[in-house]
């Protein structure tokens, strides 16, 4: 269960030491407006519209020589193609995004950390776990040394890095990272949704490591905790909440929590219908 677009903000891509700033031949695309429009598409689950939107602005960024804008769009496309299971397109955008980090001189910046995390999450989804872990480690080093890191970005990093470690059989390290993710998200406003995702990720990892029979009691405890977190009254019932409910529901169903899965699916559908 992966965290997603809600952790990405325009400031995660904007660095003051831009290699092309001040160049009159460069015209900057409206990053904030592009991301806000992406949120609208995703609130309606309009993946085709989201792709058209991103590709249109990617062409604009390329024509206008806006490499910072291109980096933002490549990051968004990595996430989009991960969600739509298009490995070739995801890998193409990963390679270009990593090139842009070097071309812009952004190594060591939060922008690089965001790009490494997005790329590593996609690589894990496509089973390329060794390369995924390498990029997660680079992101963790950047986030840990920067006072500009948004805690929600750090929580997302630890959660997804833990999944890669679990895929590689590094269970002790995975659990330590899950614990870090949960601790960080306890400090974030409305972090309960991400804490719930972490609970479900731990449950999946426990089953993978120990088998359902040996981990059954712990798994059910984690599922109960996850549902309680998702049921937090103060959580905004917005597009991101709908996304989380929709992605968590199959895990509840898999473990026999059919009523919980049905309720979460219903909540997501109601939010999407209002969008």
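The values are calculated or read from the model by the stated rules, or taken from the named source; none is laboratory data. Every value quoted in this text rests on a predicted model; they were computed, and no experiment measured them. All Cβ positions, glycine included, derive from the backbone under ideal geometry; neighbour counts span all protein chains shown.
Points to keep in mind about this one:
- Taking the criterion of being at pLDDT 95 or above and either surrounded by 17 or more Cβ atoms within 10 Å (Cβ to Cβ) or under 22 Å from residue 150 (Cα atoms) (or both), the only residue of the stretch 14-29 that qualifies is 29.
- The listed residues are 152, 111, 145, 132, and the only one of them that is touching a helix residue (DSSP H, G or I) at 6+ places or on another chain (Cβ under 9 Å), within 21 Å of residue 179 (Cα to Cα) and at pLDDT below 95 turns out to be 152.
- Restricting the stretch 202-237 to residues that are out of contact with any helix residue (DSSP H, G or I) (no Cβ under 6 Å at 6 or more places or on another chain) and under 16 Å from residue 179 (Cβ atoms), the residue that is surrounded by the most Cβ atoms within 10 Å (Cβ to Cβ) is 204.
- Residues located in the stretch 238-252, provided they are surrounded by fewer than 18 Cβ atoms within 10 Å (Cβ to Cβ) and touching a residue at least 60 places away in the same chain (Cβ under 8 Å): 238
- In the stretch 234-275, the residues that are within 14 Å of residue 193 (Cβ to Cβ), assigned to a loop (DSSP other than H, G, I, E, B) and modelled with pLDDT of 95 or more: 234, 235, 236, 237
- Qualifying position, being without any contact (Cβ under 8 Å) to a residue 60 or more places away in the chain, assigned to a helix (DSSP H, G or I) and farther than 24 Å from residue 48 by Cα, among 132, 152, 111: 132
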